[in-house]
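We did not get these values from a lab; they are worked out from the coordinates using the rules stated. Since the model is a prediction, treat every value here as computed from it, not as a measurement. We place every Cβ from the backbone using ideal geometry, glycine too, and count neighbours over all the protein chains shown.
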Amino acid sequence: MKTKSNIERILESGGFVVTSECGPPRGADPEVIRKKGNLLKGVVDAVNVTDNQTSVVRMSSFSSCIILKEMGFDPILQMVCRDRNRIAIQSDILGAGALGINNILCLSGDHQKFGDHPKAKNVFDIDSIQLINTVKILRDDGKFLGGEEVKGKPVLFIGAAENPFADPFEIRAARLGKKVKAGCEFIQTQCIYNMEKFTKWMEMVRDRGLHERCAILAGVTPFKSVGMAKYMKNSVPGMDVPDGMIERMKGVAKEKQSEEGIKICVETIQKLREIPGVRGIHIMAIEWEEKVAEIAQSAGLLPRPQV
């Protein structure tokens, strides 16, 4: 009997989930993944593995997930629609199920013009909402998109990403509703800095009852410096960093800025935990995995439940 994922079982029991992220290396050295994994052991309930994020070639999410699974982790396979047609997508979903990967995060994927191969041909045969529905059909209906029967259904907990801050703001909760209707069971949000706007988004989510049908995992990313805070505000699409937060980072000595960034992150987590409908935290410490344990400890997220 194939088992449910770790985070699915924690959520079913009414628990609060903590996840983090692992960016694969730009090479074939598995020790890079193992080193990052060792920094997250006992700290998180599951680890996302990105799929050629920002359209830059890296070790595959699939193989990185297997390395983490061998280390005892519950990996979350990220899958983008940019690089695969529906044949390859369904094939990889079955492969993940066969190898005991029990979580999938369905994404559209960044356009290739932003990456290291701007002349590459994209696919986008289906979008992220159709990908969510594809996983659900394979798992629940035991059917391929072509209509034939699946002989051995994959057991996958279906997730997606959502940006509560993108324009037009008024439709963001409705867009989440489409993903939930397609079969999404958990959501990891964009990095949250504007608490006021996120609180309003969560009100709209609760008004639609979506928090009862889908677990909302709130995303946080610590600032390493005021330069990073400015970059996130001015150069990352869909990011909402209030001016007051940048002023706060400016107000401390350069050598203390990373410490202040972690403090802001911990405070944000504590506020997020008070918002009705938030079922977990997704800590995205980009190439700063050594700080995840400190953040989780300071925010009162440890120890994690043994499931």
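Pick out the one residue from VAL241, VAL226 that is out of contact with any Ser or Thr (no Cβ under 6 Å at 6 or more places or on another chain), closer than 13 Å to PHE165 by Cα and buried (at least 20 other Cβ atoms within 10 Å of the Cβ). Walk me through it before giving the result.
Values: VAL226 fails: closer than 13 Å to PHE165 by Cα.
The match here is VAL241.
Take THR3 and tell me if it is surrounded by fewer than 24 Cβ atoms within 10 Å (Cβ to Cβ), within 27 Å of PRO118 (Cα to Cα) and out of contact with any Leu (no Cβ under 8 Å at 6 or more places or on another chain). Break it down stepwise before answering.
Working: surrounded by fewer than 24 Cβ atoms within 10 Å (Cβ to Cβ): yes; within 27 Å of PRO118 (Cα to Cα): no; out of contact with any Leu (no Cβ under 8 Å at 6 or more places or on another chain): yes.
So THR3 fails the test.
Restrict the check to region 150-159 and report whether at least one residue is buried (at least 20 other Cβ atoms within 10 Å of the Cβ), among the β-branched types (Val, Ile, Thr) and in contact (Cβ under 8 Å) with a residue 40 or more places away in the chain.
We begin by selecting, within region 150-159, every residue buried (at least 20 other Cβ atoms within 10 Å of the Cβ); these are 154, 156-159.
Narrowing the set further to residues that are among the β-branched types (Val, Ile, Thr) leaves 158.
Right, trim to in contact (Cβ under 8 Å) with a residue 40 or more places away in the chain and you get 158.
Yes: one or more hits.
Out of ILE216, ILE246, which single residue is in contact (Cβ under 8 Å) with a residue 12 or more places away in the chain, within 30 Å of ILE132 (Cβ to Cβ) and either of a type in the set (A, V, I, L, M, F, W, C) or exposed (fewer than 15 other Cβ atoms within 10 Å of the Cβ) (or both)?
Numbers: ILE246 fails: within 30 Å of ILE132 (Cβ to Cβ).
After ruling out the rest, the residue left standing is ILE216.
What is the one condition in (1) surrounded by fewer than 21 Cβ atoms within 10 Å (Cβ to Cβ); (2) of a type in the set (Gly, Ala, Ser); (3) in a helix (DSSP H, G or I) that GLY261 does not satisfy?
(1)
Hey, can you tell me all the residues within region 281-307 that are outside any loop (DSSP other than H, G, I, E, B) and without any contact (Cβ under 8 Å) to a residue 60 or more places away in the chain? Spell out the reasoning first.
First, pick out the residues of region 281-307 that are outside any loop (DSSP other than H, G, I, E, B): 281-283, 289-298.
Selection gives GLU294, GLN297, SER298.
Could you list, in sequence order, all residues of region 141-158 that are within 17 Å of ARG86 (Cβ to Cβ) and aliphatic (A, V, I, L, M)?
Of everything in region 141-158, those that are within 17 Å of ARG86 (Cβ to Cβ) and aliphatic (A, V, I, L, M) turn out to be LEU145, VAL150, LEU156, ILE158.
Any idea which residue in region 69-92 is surrounded by the fewest Cβ atoms within 10 Å (Cβ to Cβ), counting only those that are of a type in the set (A, V, I, L, M, F, W, C) and under 24 Å from ILE216 (Cβ atoms)? Can you show your working first?
The first filter runs over region 69-92 and keeps only residues of a type in the set (A, V, I, L, M, F, W, C), leaving 71, 73, 76-77, 79-81, 87-89.
Of the ones still in play, those that are also under 24 Å from ILE216 (Cβ atoms) are 73, 76-77, 79-81.
Values: PHE73: 20, ILE76: 30, LEU77: 26, MET79: 23, VAL80: 24, CYS81: 24.
Restricting to residues being of a type in the set (A, V, I, L, M, F, W, C) and under 24 Å from ILE216 (Cβ atoms), the top hit is PHE73.
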